[in-house]
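Have a look at the structure below, then the notes.
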Amino acid sequence: MNKTEDHNHKPAHSEKKQWEGILLPTIIISAFFMLLTGLVLLFNYLQLAGIDPIESETMAALMERLSADPNNDALRNEIRAFDLMSRKAYFTGKWQIETGGLLLLIAAIAFIVSLRSYLKTIKTIEQPDQIPIKQQSIRLLSSRWLLILGGVFIVLSLMASFFSVNYLNKYEPTVEYAEQQQSDIEVVELFTDTPETQTSPIEALETEPVSSPAAIEAQPEPQPQSKPQPKPQPKKEYPSLAEIKNQTNSFRGPLGHGISDDKNTPIKWNVETGENILWKTQIPLKGYSSPVIWGDKLFVTGANNNERWLYCYNKQNGEMLWQHQANNIDGSPATAPKTTDDTGLAAPSVVANGQQVVAIFGTGDIIAFDMNGTRLWAKNLGVPDNHYGHSSSLLSWDEKVFVQYDTNKGGRLLALNIETGKSIWDVTRTNKISWSSPILAEVDGKMQIITTSTPSVAGHDAETGKELWKIDCLSGEVGPSAGYGNGLVFAANEYATLAAIDPAKGEIVWQDNYYLPEVASPVVADGMVFIATTYGVFAAFDAHTGNMYWEAEFNEGFYSSPIVAGNKIYAADMSGEIHIIKVDREYELIASNTIGEKITTTPAFNNGRMYLRANNLLFCIGE
């Protein structure tokens, strides 16, 4: 009889021990989770009790500044960024409080259920008569106090979650208030966004002027039935093609074609005597970026291993108007990448559109300013893997700034918003590294971005970045940009080919490999394409057939790209001599003048004057 009883008791005792092993960890984990969550909720309540995230002193100060200076676009961008950050922080905190309260309640239920089950289990395991009466009383008293303190803590934590300030309720208008405002004040509609596109008051700064925080708060919330229909916002105006052609807003002039509409350009000067040298000034830091001009402002860049700068000069007298360093940029490398001396970190030319000017450096840093030197935005595109150094210049059209970013890691073409720096599109390409710059060409009424690289010449839709056509005809280290004229794209590189391409069909029209450039880009004028080589030969070909009209040999080779101004071609060789050649099917050298400094950059023309960078000197030449 006793053996049977012992046999039946042992399995039940073992099973209860197993339950004890499951319940005890559950109690410990749920208790720890309750403690942690409750402390967070209490701390959050105490931290936010005296803070009003909506009525921010910082926002009020910013709005007062905007009220005093309503046309400050940089300040508007700062307010929008601060508003977005504040709203994200507020709603994230609100979600955390609500979620924390729910999790705390679930953990409390799990704790209570597990504790009751555990206590019930151990009572059946232990023999009551074996536990002293005093010890049982102490256990019972301790358990009661533990439950009381734990309950108080849970209640306080849940109350902290429930009573955390919901500042949005402050701005829910009551019925009485709305009726009173409608009877006393005329409702003024500040924001006309539809529910699907509703924005915050700060986001509406892009289209509506705002006077002060008090003015915003004073406006009653409009009733849905009286809300007027949204008015279409006019599209922001950017420089037209005609306006761009009156400037030299990028490398090689308008659209990067190497063509200037200037006609009365200088043909004679003398640096030693000062003849026709209107001014000359020193650029603080080394660089190979070419001059870019918009209005009365001229832009170049300079850099060394420690600093990168954008310089703005008065084109009339050479006086520096402002200079700004490209610093404090997220992702910018602490140590500049290695480059060769003939490339450096300031080889790409800037782009300007009359409202913004954007510069890029060999570190991958790209930065934008307004025309008065106020910094607008900056970012790092990734340090370029480039054994010579990044040298591709920037282009702009409408609201976009285009970046050709071909490195050893692969090809890339980007369009950024010129006002904000935000990515509009970013296209990964299959080509290899290049040092050429993109150009723009209007093909069948649409703007294309034309790029040259190894091994491809390609056309991309300027609106979407979509590749429209691609032809593999180049090889080697591609430095020359494409030329464009007579409806054809001209791509060339040493040890490869000179190819005339129809961008509407994506087909090669003709090819020739007799004279090829290494660095200087082709230029097209009057039905002819002109090529300047590093071994000193300058040649002219028929743009439609490829037949060569003439060739001329000079003592020095050409790195600088030839520029057409009026009916003259300006070709600067590396010795510093600038050869002026007539645009004609028969060779005619009009003049040759020296600067006395090595030239690898490309001159800019504006209002009958030539602007040239030679080493660290900036020249203005005009008659």
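The values are calculated or read from the model by the stated rules, or taken from the named source; none is laboratory data. Remember, it's a predicted structure, so these values are computed and weren't measured experimentally. Counting neighbours? That spans all protein chains shown, and the Cβs are built from the backbone with ideal geometry, glycine included.
Could you say whether any residue in the stretch 492-515 is within 17 Å of residue 253 (Cβ to Cβ) and either of a type in the set (A, V, I, L, M) or touching a Pro at 6+ places or on another chain (Cβ under 8 Å) (or both)? So that I can check it myself, show each step before the final result.
First pass over the stretch 492-515, keeping only residues within 17 Å of residue 253 (Cβ to Cβ): none.
No; the residues of the stretch 492-515 include none that is within 17 Å of residue 253 (Cβ to Cβ) and either of a type in the set (A, V, I, L, M) or touching a Pro at 6+ places or on another chain (Cβ under 8 Å) (or both).
From 604, 591, grab the single residue that is touching a strand residue (DSSP E or B) at 6+ places or on another chain (Cβ under 7 Å), surrounded by 15 or more Cβ atoms within 10 Å (Cβ to Cβ) and small (Gly, Ala, Ser).
On the way: 591 fails: surrounded by 15 or more Cβ atoms within 10 Å (Cβ to Cβ).
Among 604, 591, only 604 is touching a strand residue (DSSP E or B) at 6+ places or on another chain (Cβ under 7 Å), surrounded by 15 or more Cβ atoms within 10 Å (Cβ to Cβ) and small (Gly, Ala, Ser).
Looking at the stretch 391-401, can you tell me whether even one residue there is in contact with a strand residue (DSSP E or B) (Cβ under 8 Å, 6 or more places away or on another chain) and of a type in the set (D, E, K, R)? Lay out the reasoning, then the answer.
So in the stretch 391-401, the residues in contact with a strand residue (DSSP E or B) (Cβ under 8 Å, 6 or more places away or on another chain) come out as 392-397, 399-401.
Narrowing further to those that are of a type in the set (D, E, K, R): 399-400.
Checked the stretch 391-401: at least one residue is in contact with a strand residue (DSSP E or B) (Cβ under 8 Å, 6 or more places away or on another chain) and of a type in the set (D, E, K, R).
Count, please, the residues in the stretch 415-432 that happen to be modelled with pLDDT of 95 or more, assigned to a loop (DSSP other than H, G, I, E, B) and of a type outside the set (Gly, Ala, Ser).
The number of residues fulfilling the criteria is 4.
Pairs, please: C-beta under 6 Å, at least 6 apart or cross-chain, first residue under 23 Å from residue 348 (Cβ atoms) and in the stretch 465-482, second at pLDDT 95 or above and among the aromatic types (Phe, Trp, Tyr)?
Going by the 6 Å Cβ cut-off, the qualifying pairs are 465/425; 479/435.
Condition check: assigned by TED's automatic domain parsing to the domain that holds residue 613, touching a Phe, Trp or Tyr at 6+ places or on another chain (Cβ under 9 Å), modelled with pLDDT of 95 or more and small (Gly, Ala, Ser). Does residue 378 satisfy that?
On the way: assigned by TED's automatic domain parsing to the domain that holds residue 613: yes; touching a Phe, Trp or Tyr at 6+ places or on another chain (Cβ under 9 Å): no; modelled with pLDDT of 95 or more: yes; small (Gly, Ala, Ser): yes.
In short, no.
Among residues belonging to the stretch 246-280 that are buried (at least 18 other Cβ atoms within 10 Å of the Cβ) and hydroxyl-bearing (Ser, Thr, Tyr), point out the one that is farthest from the chain's Cα centre (by Cα).
Once the filter is applied, the top-ranked residue is 265.
Filter the stretch 522-532 down to the residues that are under 24 Å from residue 575 (Cα atoms) and out of contact with any Leu (no Cβ under 9 Å at 6 or more places or on another chain), then identify the one that is surrounded by the fewest Cβ atoms within 10 Å (Cβ to Cβ).
Here the answer is 530.
In the stretch 444-454, how many are in a strand (DSSP E or B) and touching a Lys or Arg at 6+ places or on another chain (Cβ under 9 Å)?
As a first pass, look at the stretch 444-454 and keep what is in a strand (DSSP E or B): 446-452.
Filter once more, so that each one left must be touching a Lys or Arg at 6+ places or on another chain (Cβ under 9 Å): 451.
Matching residues across the stretch 444-454 total 1.
Pairs only if they're at least six apart or on different chains, beta carbon under 7 angstrom, first in the stretch 317-342 and at pLDDT 95 or above, second part of a loop (DSSP other than H, G, I, E, B) and among the acidic types (Asp, Glu); list them, first residue then second.
Note: pairs meeting the criteria are 325/307.
Only one residue in 443, 351 is at negative phi, more than 18 Å from the chain's Cα centre (by Cα) and not basic (Lys, Arg). Which one? Write out each step before concluding.
On the way: 351 fails: more than 18 Å from the chain's Cα centre (by Cα).
Among 443, 351, only 443 is at negative phi, more than 18 Å from the chain's Cα centre (by Cα) and not basic (Lys, Arg).
Just to check your reading of the model, which residue among 295, 302 is at pLDDT 95 or above and at positive phi?
Values: 302 fails: at positive phi.
The conditions single out 295.
State all residues of the stretch 547-588 that are among the aromatic types (Phe, Trp, Tyr) and surrounded by 19 or more Cβ atoms within 10 Å (Cβ to Cβ); if no residue qualifies, say none.
Step one: filter the stretch 547-588 for residues among the aromatic types (Phe, Trp, Tyr), giving 549-550, 554, 558-559, 570, 587.
The answer is 554, 558, 559, 570.
If you take just the strands (runs of 3 or more DSSP E) that sit entirely in the stretch 320-400, which of them hold at least 1 residues that are buried (at least 23 other Cβ atoms within 10 Å of the Cβ)?
On the way: elements: 320-325, 356-360, 365-370, 375-380, 395-397.
It comes to 356-360, 365-370, 395-397.
For residue 535, indicate whether it is part of a loop (DSSP other than H, G, I, E, B), surrounded by fewer than 24 Cβ atoms within 10 Å (Cβ to Cβ), in contact (Cβ under 8 Å) with a residue 24 or more places away in the chain and more than 35 Å from the chain's Cα centre (by Cα).
On the way: part of a loop (DSSP other than H, G, I, E, B): yes; surrounded by fewer than 24 Cβ atoms within 10 Å (Cβ to Cβ): yes; in contact (Cβ under 8 Å) with a residue 24 or more places away in the chain: no; more than 35 Å from the chain's Cα centre (by Cα): yes.
It is false that residue 535 is part of a loop (DSSP other than H, G, I, E, B), surrounded by fewer than 24 Cβ atoms within 10 Å (Cβ to Cβ), in contact (Cβ under 8 Å) with a residue 24 or more places away in the chain and more than 35 Å from the chain's Cα centre (by Cα).
Residue check: is residue 590 part of a strand (DSSP E or B) and either without any contact (Cβ under 8 Å) to a residue 12 or more places away in the chain or closer than 22 Å to residue 281 by Cβ (or both)? If you could, list the steps in order and put the result at the bottom.
Numbers: part of a strand (DSSP E or B): yes; either without any contact (Cβ under 8 Å) to a residue 12 or more places away in the chain or closer than 22 Å to residue 281 by Cβ (or both): no.
So residue 590 fails the test.
Tell me whether the stretch 455-472 contains one or more residues that are modelled with pLDDT under 95, part of a loop (DSSP other than H, G, I, E, B) and over 30 Å from residue 533 (Cβ atoms).
Step one: filter the stretch 455-472 for residues modelled with pLDDT under 95, giving none.
No, every residue in the stretch 455-472 fails to be modelled with pLDDT under 95, part of a loop (DSSP other than H, G, I, E, B) and over 30 Å from residue 533 (Cβ atoms).
Kindly list, by first and then second residue, each pair from a residue in the stretch 502-529 that is of a type in the set (Asp, Glu) to a residue that is surrounded by 15 or more Cβ atoms within 10 Å (Cβ to Cβ), limited to pairs with Cβ atoms under 6 Å and residues at least 6 apart or on different chains.
The qualifying pairs are 502/509; 512/498; 512/546; 518/494; 518/534; 526/583.
For residue 491, are the conditions met, namely being among the small types (Gly, Ala, Ser), closer than 26 Å to residue 614 by Cα and assigned to a strand (DSSP E or B)?
So residue 491 does not fit the description; no.
Anything in the stretch 282-305 that is crowded, with 16+ Cβ neighbours inside 10 Å and of a type in the set (S, T, N, Q)? List them, or say none. Walk me through how you get there before you give the answer.
Filtering the stretch 282-305 down to residues crowded, with 16+ Cβ neighbours inside 10 Å leaves 283, 285, 287-294, 297-303.
Across the stretch 282-305, the qualifying residues are 289, 290, 301.
Quick one: is residue 623 in contact (Cβ under 8 Å) with a residue 40 or more places away in the chain and either in the same structural domain as residue 528 (by TED's automatic domain parsing) or not hydroxyl-bearing (Ser, Thr, Tyr) (or both)?
On the way: in contact (Cβ under 8 Å) with a residue 40 or more places away in the chain: yes; either in the same structural domain as residue 528 (by TED's automatic domain parsing) or not hydroxyl-bearing (Ser, Thr, Tyr) (or both): yes.
Yes.
Regarding the stretch 498-512, can at least one residue be identified that is in contact with a strand residue (DSSP E or B) (Cβ under 9 Å, 6 or more places away or on another chain), of a type in the set (Gly, Ala, Ser) and assigned to a loop (DSSP other than H, G, I, E, B)? So that I can check it myself, show each step before the final result.
Pass one, the stretch 498-512, residues in contact with a strand residue (DSSP E or B) (Cβ under 9 Å, 6 or more places away or on another chain): 498-512.
If we keep only those that are of a type in the set (Gly, Ala, Ser) too, we end up with 499-500, 504, 506.
Next, only the ones that are assigned to a loop (DSSP other than H, G, I, E, B) stay: 504, 506.
Yes: the stretch 498-512 contains one or more residues that are in contact with a strand residue (DSSP E or B) (Cβ under 9 Å, 6 or more places away or on another chain), of a type in the set (Gly, Ala, Ser) and assigned to a loop (DSSP other than H, G, I, E, B).
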